[in-house]
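**Student:** Right, I'll just put the structure down here and ask away after.
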Amino acid sequence: MKFALIKERKNPPDRRVVFSPEKLAEANEKFSEATFKVESSDIRIFTDDTYTTKGFEVTNDVSDCDVMIGVKEVPIDHLIPHKKYFFFSHTIKKQPYNRALLQAILAKNIEMYDHEVITKKNGGRLIGFGRYAGLVGAYNGFRAMGLRDGLFSLPKVESLEDLKAVKKELDKITIPAIKIVLSGSGKVAYGAKEILDHLGVKEVSDTAYLTTDFTEPVYCMIDVMEYNVRTDGKAGDKYEFYKNPSGYKSNFRPYAKVTDFFIAGHFYGDGAPYLFTREDAKQPDFNINLVADISCDIDGPVASTIRPSTIANPFYGYDPQTESEVAFDAKGAITVMAVDNLPCELPKDASEGFGEMFLKHVIPAFYNGDKDGVLARAKMTTSDGKLTERYAYLQDYVDGK
């Protein structure tokens with residue numbers, strides 16, 4: 001079987017790739033029956049020469065390959081019919097802006113495997129860039145704080161070579177005695193936690209966080225059962241909540257009263273309560289003045305996130321009283337960081353980490369009969385232009401209904 005690392009063509013340019021030269025060489029060594037080719041790219045974090053040096057063919061034509069491996073959506077006019085593709089299609093939630101892409105995939109009889117649904121049997125994701133989103137998102141939050149309050153000046157992550165350089169910059173700053181709440185329990189949240197721990201911010205329990213004043217910076221990590229409660233007053237159950245959150249309401253208000261900086265690293269499911277609403281943010285006792293919204297659900301569970309921001313302009317302000325955008329350092333505003341493609345700022349580390357997971361979980365499935373069902377769960381479309389049974393719920397979306 002022939003695999004191709006394809007060029008990223010989506011704008012703005014994305015410098016990430018699924019396999020670094022070193023990891024691709026490891027794949028080649030482990031699976032001698034596989035052939036790996038690299039499509040030439042002038043934007044990739046690893047140059048063409050670094051792949052050539054490892055013995056790989058770098059070419060402008062990979063049409064003879066069977067499996068095309070990319071990161072972001074492939075433009076419709078670059079989709080090659082009758083191939084297998086791996087990339088983030090951003091269609092599984094029926095995103096309107098990518099309906100035409102899924103329609104084209106079906107029309108071209110392409111087998112689509114979405115990175116987002118490469119999962120374990122229990123639904124847990126096997127690969128992704130979540131850790132790097134968390135790392136960069138938390139860093140960017142502190143960068144916003146430093147700029148807004150005149151405390152310190154951190155450089156943009158994209159100007160730094162790698163994660164080691166990012167942490168070296170953090171070693172130069174001192175965080176004031178603030179309270180930070182971090183929501184989530186997955187790779188994103190733990191990426192953000194890595195930054196907090198590197199800075200030496202002390203982790204405390206919810207009880208201490210909610211009831212104690214500290215003379216040093218502290219943070220509290222909260223999961224769904226901390227910021228949601230059952231409406232009937234009974235004890236909540238995390239797995240029940242994931243299945244059906246309709247019997248729950250937000251319990252985030254106590255945290256909002258004592259928090260200065262909120263890092264949103266949670267996953268938000270349809271129908272779940274909002275963490276805080278626009279009305280909540282208007283209340284005199286609402287204390288949050290800085291939000292690093294890594295989850296970045298627009299006009300949703302974090303009311304101050306009214307639009308995504310960009311790597312070029314990562315910060316804006318939200319005026320709770322007028323419910324409108326203002327300058328990120330405007331008086332009385334909540335400063336918001338809501339970049340929706342954070343791992344792009346750390347392309348080298350993100351690519352290396354992603355490739356390690358892809359080699360561990362995906363490539364073997366092509367040669368072991370997919371014994372763990374990894375490919376079967378990720379396969380959205382068939383070679384004869386149909387949705388697989390698992391993704392049949394997308395048919396009305398494909399039909400434009």
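The values are calculated or read from the model by the stated rules, or taken from the named source; none is laboratory data. A quick note: this is a predicted structure, and the numbers were derived from the prediction, not measured. Because the Cβ atoms are built from the backbone with ideal geometry, glycine has one as well, and the counts that use them run over all protein chains shown.
**Student:** With the stretch 305-401 as the region, which helices (runs of 4 or more DSSP H) entirely inside it contain at least 3 residues that are in contact with an Asp or Glu (Cβ under 9 Å, 6 or more places away or on another chain) and not assigned by TED's automatic domain parsing to the domain that holds LYS187?
**Tutor:** 347-361
**Student:** Residues to consider are ALA189, ALA138, ALA133, ALA165; find the one that is without any contact (Cβ under 8 Å) to a residue 12 or more places away in the chain and part of a helix (DSSP H, G or I).
**Tutor:** ALA165
**Student:** Additional query: Only one residue in PHE142, PHE152 is out of contact with any Leu (no Cβ under 8 Å at 6 or more places or on another chain), within 28 Å of THR305 (Cβ to Cβ) and assigned by TED's automatic domain parsing to the domain that holds MET337. Which one?
**Tutor:** When all the criteria are applied, what remains is PHE152.
**Student:** Taking interchain pairs and intrachain pairs at least six residues apart, which have beta carbon atoms under 8 angstrom, with the first residue in the stretch 13-41 and more than 18 Å from MET1 (Cα to Cα) and modelled with pLDDT of 95 or more and the second among the basic types (Lys, Arg) and surrounded by fewer than 21 Cβ atoms within 10 Å (Cβ to Cβ)?
**Tutor:** Listed pairs, sorted by first residue: SER20/LYS348; PRO21/LYS54; GLU22/LYS54; SER40/LYS7; SER41/LYS7.
**Student:** Hey, another quick one. Condition first: part of a helix (DSSP H, G or I), surrounded by fewer than 20 Cβ atoms within 10 Å (Cβ to Cβ) and modelled with pLDDT of 95 or more. Now tell me which residues in the stretch 235-271 satisfy that.
**Tutor:** Within the stretch 235-271, ARG253, PRO254, LYS257, VAL258 meet the criteria.
**Student:** While we're looking at this one, here's another question. Quickly run through the stretch 300-348 and pick out the residues that are of a type in the set (Gly, Ala, Ser) and crowded, with 18+ Cβ neighbours inside 10 Å.
**Tutor:** ALA303, SER304, SER309, GLY317, ALA333, ALA338
**Student:** Something else: Anything in the stretch 120-159 that is closer than 30 Å to ILE76 by Cβ and at pLDDT 95 or above? List them, or say none. Step through it out loud before you land on a result.
**Tutor:** First, pick out the residues of the stretch 120-159 that are closer than 30 Å to ILE76 by Cβ: 123, 125-130, 132-133, 136, 158.
Across the stretch 120-159, the qualifying residues are TYR132, ALA133, VAL136.
**Student:** Something else: Does the stretch 278-287 contain any residue that is assigned to a helix (DSSP H, G or I) and hydrophobic (A, V, I, L, M, F, W, C)?
**Tutor:** yes
**Student:** Right, another one. Do we have any residue at all in the stretch 204-213 that's of a type in the set (Ser, Thr, Tyr) and under 21 Å from the mean Cα position of the chain (by Cα)? So that I can check it myself, show each step before the final result.
**Tutor:** Residues of the stretch 204-213 of a type in the set (Ser, Thr, Tyr): 205, 207, 209, 211-212.
Next, from what is left, pick out any that are under 21 Å from the mean Cα position of the chain (by Cα): none.
Within the stretch 204-213, none of the residues are of a type in the set (Ser, Thr, Tyr) and under 21 Å from the mean Cα position of the chain (by Cα).
**Student:** Suppose the filter is out of contact with any strand residue (DSSP E or B) (no Cβ under 9 Å at 6 or more places or on another chain), modelled with pLDDT of 95 or more and surrounded by fewer than 24 Cβ atoms within 10 Å (Cβ to Cβ); does ILE175 pass it?
**Tutor:** The answer is yes for ILE175.
**Student:** Search the stretch 276-305 for residues being more than 16 Å from GLY332 (Cβ to Cβ) and modelled with pLDDT of 95 or more, and hand back the single one that is nearest to the chain's Cα centre (by Cα).
**Tutor:** Taking the stretch 276-305 and keeping what is more than 16 Å from GLY332 (Cβ to Cβ), we get 276-277, 279, 292-302, 305.
Going one step further and asking which of them are modelled with pLDDT of 95 or more, we end up with 276-277, 279, 292-294, 302, 305.
Working: PHE276: 21, THR277: 23, GLU279: 28, ALA292: 13, ASP293: 11, ILE294: 7, VAL302: 16, THR305: 16 Å.
Filtering first and then ranking leaves ILE294.
**Student:** Next question. Do any residues in the stretch 96-109 that are in contact (Cβ under 8 Å) with a residue 24 or more places away in the chain have Cβ atoms under 9 Å from those of residues that are exposed (fewer than 15 other Cβ atoms within 10 Å of the Cβ) and of a type in the set (A, V, I, L, M, F, W, C), where the two are at least six apart or on different chains, and which pairs are they?
**Tutor:** As it stands, the answer is ALA100/ILE76; LEU101/ILE76; GLN103/ILE76; ALA104/ILE76; ILE105/ILE76; LYS108/ILE76, since those pairs meet every condition given.
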